[in-house]
Amino acid sequence: MAVPFAAPELPPHDQEPDARERLFSILERLEAVRQGLIRSAIAILVGIFLAFAFIDRIVAFVLAPAVKMLPPGSHLIYTEPGEAFGLYFNISLIAGVVFASPYIMFQLWRLIAPVLYKEQKRFVVPFVALTTAGIVAGAAFAHYVMFPAMLAFFGTFTSPELQFMPKIRDTFGLYVKMLMGMTLVFQIPTIIFFLAKMGMVTAGFLWKQFRYAILIAFIVGAVLTPSADPWNQTIFAAPMVALYIISIGIAWVVQPRRSKDADEETLVDDDEEDEIQARRAREREREREREREFDRSDDYGD
């Protein structure tokens, strides 16, 4: 005899609208992400076309630190037919991203804004301004300081038997790594700005961690620096320490201020808590005294 399968239990009717609303909310978020990606891609494409109009000047600007730091008689070379074309295309792509970075950051903010409180949504201008400034400052530091210093170090191994003639692909790959790393490092003030606004960190807390920040900065500088020279490590660590100090100032300016009444209430709460702890300590002491008296009475009874 066949046993019929049990019919699946359907969710109550009052729960179906909630499930549909959650599904529609997820679809709306995915649609917002898709639109943000499309708009950012269009902005980058416009930036690429704009960069192609000045591509020779941009390429000369990007390669200028490398050419300047090469030993006498050395040149940048390429050994594959499409290598130089790839260089021009990649430089135009990076330039397009830099040109479109304010609009890209605005699209990123539009994705984050729905989960923020109403008073936090008005920080769109500081978010776009700080992130864009971090990108530009990080790129400038990598271009003018880090990249030339690394090439100068590698060029010191030139000898009559060894001629330093770096390939364009490898040299530009190193340039891109430095560029990406520094643009991320220079976002520290932006991160601290919003963490302080949300009350997650304070200037006092950051100042107490200052010595650890210096240690981490020099560790990162040692990792990024191919040379064991402390001077080069200091050159790379100094901007990180400076950014941390700037972040402390930003946190002090933007962190929520506590009113005098709130401070007085906190003091009252602290006094009440101390009184409660003292009362509990006295009760525990009296309980131990009663136990000792009970033990002595048992000894006398024996």
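Throughout, read-outs are computed from the coordinates displayed, never taken from laboratory work. Bear in mind that the values here come from a model prediction, so they are computed numbers and not experimental data. Counting neighbours? That spans all protein chains shown, and the Cβs are built from the backbone with ideal geometry, glycine included.
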Can you give the FRET efficiency to the nearest 0.05 for A60 and T158, using r as the Cβ-Cβ distance and R₀ = 35 Å?
0.90
Table column - 3J(HN,Hα) (Hz), region 43-55, Karplus curve with 6.51, -1.76, 1.60, x for Gly and Pro:
4, 5, 4, 4, x, 5, 5, 5, 5, 5, 5, 10, 4
Starting from the Kirkwood radius over alpha-carbon pairs of region 27-67, derive D by Stokes-Einstein at 25 °C in a medium of 0.890 mPa s and give it in µm² s⁻¹.
199
Under a point spin-label approximation (7 Å from Cα along Cα-to-Cβ), what is the A281-A133 distance to one decimal in nm?
4.9
D170 to I38: extension gain in nm, 0.36 nm per residue of separation minus the Cα-Cα distance?
44.4 nm
Can you give the FRET efficiency to the nearest 0.05 for L116 and F205, using r as the Cβ-Cβ distance and R₀ = 22 Å?
0.45
Going out from 0 in 10 Å bins, what whole percent of all Cα-Cα distances in region 187-256 drops into each bin?
23, 44, 24, 8, 0
Here FRET efficiency (C-beta to C-beta, R29 to Y78, R₀ 35 Å, nearest 0.05) is 0.20
Set of lysines with alpha-carbon distance to K197 below 22 Å, sequence-local pairs under 8 removed
K118, K121, K208, K260
Hull volume per residue for region 133-219, using the convex hull of the C-alpha atoms, in Å³ is 108
